[in-house]
Amino acid sequence: MDIDSIRSQFPILSQNVYGKPLVYFDNAATTQKPQCVIDSLCRYYTTLNSNIHRGAHYLAAQATDEYEQTRQLVQKFINARHSHEIVFTRGTTESINLVASSFGERFVGKGDEIIVSAMEHHSNIVPWQLVCERKGARLRIIPFSDEGVLDLEALETLFNERTRIVAVNHVSNTLGTVNPIGEIIQMSHKHNVPVLIDGAQAISHRQVDVQALGCDFYCFSGHKMYGPMGVGIMYGREELLEQLPPYQGGGEMIKDVTFERTTYNELPFKFEAGTPSVGDVIGLHSAIGFMQQIGIDRIATYEKELTDYATEQMHTIDSLRIFGTAPEKTSVISFLIGNAHPYDTGTLLDKLGIAVRTGHHCTQPIMDRFGIPGTVRASFAIYNTPAEIDILIAAIKKIAPILL
Ligand code: PMP
């Protein structure tokens, strides 16, 4: 694969920070955007900007067309049965809040239970806690091992007649674990319990086929898959979406409004109140095109090579501990140097031009599980190189004596 040519499509990567070439290893937080996505946003605001669906004029028709074409592309990308099962949101967080709120309203009652895992991002914990507070329900937690592998035997024991939904991530943003969601979905369905998958950290690293998986909801963000910020997806199975009440009220989500009674629009518009991020949705079309041109399997293979190389190199540093050593991982490595505070490590790496993330990564229960304040997280994308990993390793070797 010609990584130089892929890199050259990302103008942001060619800059220096603090006089050093930028090494961008914060891809799990957000990926950088290729020129085709930047051009698409520019083209939208230069030639297309218009509010969609309602306008009788040329620009509105064109913008609507491209917006709906993106919906169809997303449908194909994740192999959904219908394009109206694809709902545009602002991101994974809004997608999960939508499901938690609407599903919770319709299906969760006093004494009911919702299962999440101990390795969820806060956005797949707090929305469910809000439902529990509102409805008098409670959360049940799937534990994980020291390696960062979910305990499916423990999950089996959590099901009972009060279980209403299981919500788990496909890939952990902190540990990198690829969870066996196929098995989790099968197990849950055996108990007649639907499953929401938080796919924020999987969608740019793995082929996702929602029909093959059989999941009921699958949520992800555009900005973690080379697309713009401000757009996300909530995929839901038609039969379930039909039964859920709207999340927000406003324009576009209605059929008829009177002061006595309002009827709601059909799917997916029932869940898309107000003016969406039209330009960002159209930009997402280009981002998916970018990924498809390379091929998701080739992206996964290359990222695995990078991750294996980085892991191997890190093992040569005695004071370095890696958190998350599951057999199947994506390109996320969480680590600590001795007992140094992750923030100090991150700050020193930053001064050497290396962008990593530090802290609890919105997964405080994981930090509690390991009894640590946080980690340093390096996460790789298709444009990263082994040479950049060498820079990271050299930098860690340089700063370790200062930190220890
Ligand atoms: N879930 C996971 C696993 C994530 O990594 C993130 C982003 N860090 C989110 C949910 C939330 O995504 P967003 O901020 O794009 O809504």
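Things worth noting here:
- Search result, residues across region 84-124 that are touching a strand residue (DSSP E or B) at 6+ places or on another chain (Cβ under 7 Å), more than 17 Å from residue 221 (Cβ to Cβ) and of a type outside the set (Asp, Glu): 103, 107, 108, 114, 115, 116, 117, 118, 119
- Listed by position, the helices (runs of 4 or more DSSP H) inside region 229-314 whose residues that are at pLDDT 95 or above, in contact with a His (Cβ under 7 Å, 6 or more places away or on another chain) and of a type in the set (D, E, K, R) number at least 1 are 238-243, 296-314.
- With respect to (1) polar (S, T, N, Q); (2) free of Cβ contacts under 8 Å to residues at least 12 places away in the same chain; (3) in a strand (DSSP E or B), the lone exception for residue 334 is condition (2).
- Counting only residues that are open to solvent by less than 50 Å² (accessible area, probe 1.4 Å) and within 16 Å of the ligand (Cβ to nearest atom), region 347-364 holds 6 of them.
- Residue pairs meeting the criteria (Cβ under 7 Å; at least 6 apart or on separate chains; first closer than 15 Å to residue 100 by Cα and open to solvent by less than 60 Å² (accessible area, probe 1.4 Å), in region 155-171; second more than 16 Å from the ligand (Cβ to nearest atom) and assigned to a strand (DSSP E or B)): 163/113; 163/115; 165/114; 166/115; 167/114
- Candidates 77, 88, filtered to the one that is under 24 Å from residue 124 (Cα atoms), away from the ligand (no atom under 16 Å from the Cβ) and aromatic (Phe, Trp, Tyr): 77
- Boolean, residue 93 is open to solvent by 30 Å² or more (accessible area, probe 1.4 Å), within 12 Å of the ligand (Cβ to nearest atom) and at negative phi: yes
- Hits in region 206-225 (condition: more than 13 Å from the ligand (Cβ to nearest atom), assigned to a helix (DSSP H, G or I) and either assigned by TED's automatic domain parsing to the domain that holds residue 332 or open to solvent by less than 10 Å² (accessible area, probe 1.4 Å) (or both)): 210
- The requirement of being without any contact (Cβ under 8 Å) to a residue 12 or more places away in the chain, within 16 Å of the ligand (Cβ to nearest atom) and within 21 Å of residue 248 (Cα to Cα) is fulfilled somewhere in region 126-137, by at least one residue.
- Elements of type helices (runs of 4 or more DSSP H) contained in region 114-198, each with 2 or more residues being aliphatic (A, V, I, L, M), assigned by TED's automatic domain parsing to the domain that holds residue 217 and under 25 Å from residue 327 (Cβ atoms): 152-158, 181-190
- Residue list for region 96-113, restricted to those being assigned to a helix (DSSP H, G or I), away from the ligand (no atom under 16 Å from the Cβ) and open to solvent by 10 Å² or more (accessible area, probe 1.4 Å): 105, 106, 107
- Subset of region 13-36 (residues that are more than 22 Å from residue 304 (Cβ to Cβ) and in contact with a helix residue (DSSP H, G or I) (Cβ under 9 Å, 6 or more places away or on another chain)): 14, 17, 18, 20, 21, 22, 33, 35, 36
- Enumeration of residues in region 171-205 that are away from the ligand (no atom under 16 Å from the Cβ) and over 14 Å from residue 117 (Cβ atoms): 182, 186, 189, 190, 191, 192, 193, 194
The values are calculated or read from the model by the stated rules, or taken from the named source; none is laboratory data. Since this is a predicted model, take the numbers as computed values, not measurements. Reconstructed Cβ throughout: ideal geometry from the backbone, glycine too, with neighbour counts over all protein chains shown. Calculation scope for accessible area: heavy atoms of the full protein, side chains included, ligands and nucleic acids excluded. Shrake-Rupley method; radii C 1.70, N 1.55, O 1.52, S 1.80 Å.
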